[in-house]
Amino acid sequence: LEYIPPHDVVMTAVPSATATAPTTTNNNNNPNAATLLKRDLNPRWTSYVTLVVASSIGMSAVDGVNITQFVDQCAKNNKNRSARTQRACWVFALVSLLVSLILVLADFYNSKYCLGSTPGNVLDLKNSKNYSEGVILLIFCVWWAGGLIAATQPGGIAYVALNIYYSFWVCFFVSVYTLNAWAKDRNKEDSRNISFRNLTHLSWTLRGWYFHAFFAFVVFVSSAQLQKLEADNVYYKVVATICISFFSFLISTVVILTHYKLACCFCGYELPLGGFAELTIAFALTIAWICEVSYATTFGGFAATITGSSVVLNNGQEQTMPGSNLYFASWFSFISICFVIRQWNAERIMEFTKTQQTAVDDIQVGVNNVPLESLQVNVVDFSNDEDDNDI
């Protein structure tokens, strides 16, 4: 049996030695046809299963945290992190678990009993005319962005148990990835679908600028929360990180808007793309991030580890550095801007190759278009020359 939506006809192949026309029967005459037909699962079914698993791990890890130990570990800079933060993170994981589980079970039920084409079924995730999945995934992205802010802020509950840290980040990235996959599969024949690939096809470096803007923003938010840290040995370094990440995010945003011809609407100036101006900007940001990584992630730095560390000051006192996203975010900011330089170089090589190939093609076309009558051949008769050396 081949799948045909309900209320349509069922094509039945009749085995015969000769080809015969398929017979059609109405589903109303066969009430068991709907239960016999099968339908493939949603292609994004594994992403929802991943959300179920990651949300379960995060919820169990949050529930197992001793709140007294959590408050004591946060030290004097993080006194306000209390049971309210723990309950909020538990709710983030619980809601994600329930919604993801409902979507997985609904898709499995629809695929087994072929109820996807029933009118008004909002859980039919494979229906191309159904926007409910896209709305749910967009809400998931916003939801887990709030969960990351609550759990992974400096000194947050995510650094007490790293299962919380990794599970929350996995849920956020899986939500973004699934939303992008849904947008790409929404209408494969339409090149205007809003997917990350279509948004970044304007140039080779645009994807790197998106990544750099995101990680620079994470560094900016985390370092701004660390500014209140009462430690003279890292205060100015944190301020320097705030400045570097802010200008990196600002410049990346302007470059991204320039690709879409929108930069002039906000700043009144449009950067030339693809030239040495873009390379100069990327190279300057690379030097800045080399300096930031060198002093932030070194021994005794405020981003030396993920879970935080203790540093003995010159006066003999011990200063606690809370855990934060700065370690990973700083390194990924540096890697992403290096990726921009690499892509810029690859784009120049490709353009040079195309230019050379175009020049060769033009020469070939010009030679082929020259008529034979226009070619002048001068024949010199040397038969009367007495001296062969003159020839």
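The numbers here are math on the coordinates, done by the rules we state, and not lab data. Everything quoted here is computed from the prediction, not taken from an experiment.
A few remarks follow.
- Sequentially through the range 276-281, phi angles give Karplus couplings (6.51, -1.76, 1.60; θ = phi - 60°) of 6, 5, 5, 5, 5, 4 Hz, Gly and Pro residues having no value and appearing as x.
- Close amide H partners of GLN319, meaning residues 5 or more places away or on another chain with modelled amide H under 5 Å apart, are VAL311, VAL312, LEU313.
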